[in-house]
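The values are calculated or read from the model by the stated rules, or taken from the named source; none is laboratory data. Computed from a predicted model, the values in this text were never measured in an experiment. Cβ coordinates were reconstructed from backbone atoms using ideal geometry, including for glycine residues, and neighbour counts include every protein chain displayed. These area figures cover heavy atoms from the full protein model, side chains too; ligands, DNA and RNA do not enter into them. Shrake-Rupley method; radii C 1.70, N 1.55, O 1.52, S 1.80 Å.
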Amino acid sequence: MATPLRILHVGSEMVPFIKSGGLADVLGALPAALRRQGEDVRVAIPGYRRALAEGGKLGLSWAGSAMTIEVGGVDHSVGVGTVMLQGMPVYLLACNELFDREGLYGPNPSNDYDDNARRFAVFSKACLALPGFLGWVPHVIHAHDWQTGLVPALLQRGFNQVLPATRSVFTVHNAAYQGTFWHFDMKLTGLDWSLFNPMHLEHYGKLNMLKAGVVFADRVTTVSKRYAEELQLPDFGYGLDPVFRSHAYKLSGITNGIDSHLWDPATDEHLPAHFDRQDLTGKQACKERVREEFGLSREGDTCLVAVVSRLVEQKGLDLIVEAVSPYVLAGRMQLAILGSGDSVLEHRLHALHMRHPGWVYIWYGYNEGLAHRLIAGADMFLMPSRYEPCGLTQMYSMRYGTLPLVRYTGGLADTVIDVAVPEGTGFTFGPVDLGHFSSALDRALGLYQYFPKEWRQAQQRAMATDFSWEHVSATYVEFYRAITQPRG
């Protein structure tokens, strides 16, 4: 039997402590799945105010001493709090002057904190100092997104001399968010100014932390196979496509999984009734509950279409606003949306709701229980993203027999098969325009309305698909072992 790998995951958010996007779901599920595979896995995240509050409910304990982390000539005291999640240590690295704030990355989703370069430089250095503080040396440090992009760079340049054999993996969850800062923030990194060049950390005159992770990591992964290919194209690389192309030899795509225990219609504690692939009767009770909670008309069995998303242009919400009115007026669909984001899109969605009361409703914000009920109770799930590195909600929806309609891009293309083929589990369309999206929506509503037997069969195929982290984590174990075993 192989010796368990020691793996430290580091990232900026994690369920159940703090969440703003899909990264939190990944960090909440992948390390736990790896631990169930028998590996020695631990996680480190920043000690945000809200994360510490949640940690306090889960038995947070503090180390007797703190680490001192120097950044830009200033010493920061970093406390180490530990929470045991089902036997897995999660470390909350607390620095009050940097993380004791209401927001994660800024005071609101539209603005960043001015000192984010310092905040995440401190966090990255603290992550590398943590193994020495604990007396536990990992075989692999797996860093996630720009907030930890300095970790592979500092590790490769010998920032922490107690980790000479530790290998680094860097995962790009979304290349649109790169952590770019003015060039004088280079002094916060602790790296030599000679690395501020186009081959390493500099990108169009700015310090780019995502680029740092890609350039210096031993291996780079992204969250779906197709997205790994798309990142090398100008339309998806957000200016870093030449960097991804030049480092393609170490770039891999591993499609994310979902927590099949948390997202299970047969046991989900948030649902008014349970169901499974063999017996879908409970899904109708979930649909009626959603209609009641969203104030939608409960007459007939109109197709209930759901959206659970950040309300931003990337997610294609503008296409939904422009396309749905004819189908709503014809009585072919109801629309329920849960999310928040861009104020202009929120205003347009509110206007859509006002035009179709009882048929369209938008719940602003996020509510975990409501998200579960909406995905369980809906018949169809819309995700017409302009780009989507992986996406989790289309996999949640299939798990609950809610057929997704998605754009054929990134992880959506990897996970959803169009019902035009016998093994189909949803609906896809290509170019991002009103015509192609409307055509796919009309096709999906037609299948629901006129071919209920075929719709039910597609539901059962979708629910049978295995997107569990157990399946994905086995792939990661092979990946980690390949980069840690000595070359012969």
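Values computed for the structure shown
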| read-out | value |
| --- | --- |
| 1.4 Å probe accessible area per residue over the stretch 202-282, in Å² | 43 Å² |
| Kirkwood-Stokes translational diffusion coefficient of the stretch 271-326, alpha-carbon pairs, 20 °C, 1.002 mPa s, µm²/s | 159 µm²/s |
| Accessible area of the chain belonging to carbon and sulfur atoms, whole % at 1.4 Å probe | 52 percent |
| Two-decimal log10 I(q)/I(0) for the stretch 135-207, as the Debye equation yields it once each C-alpha is a single scatterer, q = 0.11, 0.22 Å⁻¹ | -0.30, -1.06 |
| Scattering curve values for the stretch 386-430, log₁₀ I(q)/I(0), Debye with Cα scatterers, q = 0.22, 0.26, 0.29, 0.30 Å⁻¹ | -0.65, -0.89, -1.07, -1.13 |
| E454-R245 FRET efficiency (beta carbon distance; Förster radius 45 Å; 0.05 resolution) | 0.60 |
| Equivalent ellipsoid semi-axes, the stretch 407-467, via Cα gyration tensor eigenvalues times 5, rooted, Å | 19, 17, 7 |
| Share of alpha-carbon pairs per 20 Å distance bin for the chain, given as whole % | 24, 54, 21, 1 |
| Antiparallel %, DSSP beta bridges [both residues in the chain], to 5 | 30 percent |
| Debye intensity ratio in log₁₀ form over the Cα atoms of the stretch 49-203, taken at each q of 0.10, 0.18 Å⁻¹ | -0.37, -1.29 |
| Convex hull of the stretch 156-248 built on C-alpha atoms - directionally averaged projected area, nm² | 6.1 nm² |
| Largest-first principal axis extents of the Cα set of the stretch 223-348 (Å) | 57, 36, 23 |
| Long-range lysine pairs (8 or more apart or interchain), the chain, Cα under 25 Å | 20 |
| Helical mean residue ellipticity (222 nm; -39500 (n - 2.57) per DSSP H run of 4+; nearest 500) of the chain | -11000 deg cm²/dmol |
| Extension reserve of the Y408-M199 stretch, reckoned as 0.36 nm per residue once the Cα distance is removed | 72.0 nm |
| Spin-label proximity, E288 to the stretch 394-417 - amide N less than 11 Å from point 7 Å beyond Cα toward beta carbon | none |
| Kirkwood Rh, Cα atoms: Rg over Rh of the stretch 351-429 | 1.01 |
| Relative contact order for the chain, counting Cα pairs under 8 Å that sit 6 or more residues apart, in percent | 12 percent |
| Long-range HN-HN contacts of V41 with modeled amide H, under 5 Å | I7 |
| P(r) tail fraction, the stretch 52-129 - alpha-carbon pairs more than 17 Å apart, % | 50 percent |
| Full-stretch length increase - V137, H183 - with 0.36 nm per residue and alpha-carbon distance subtracted | 13.3 nm |
| Calculated on alpha-carbon atoms, Rg and Dmax of the stretch 332-488 in Å | 18.1, 68 |
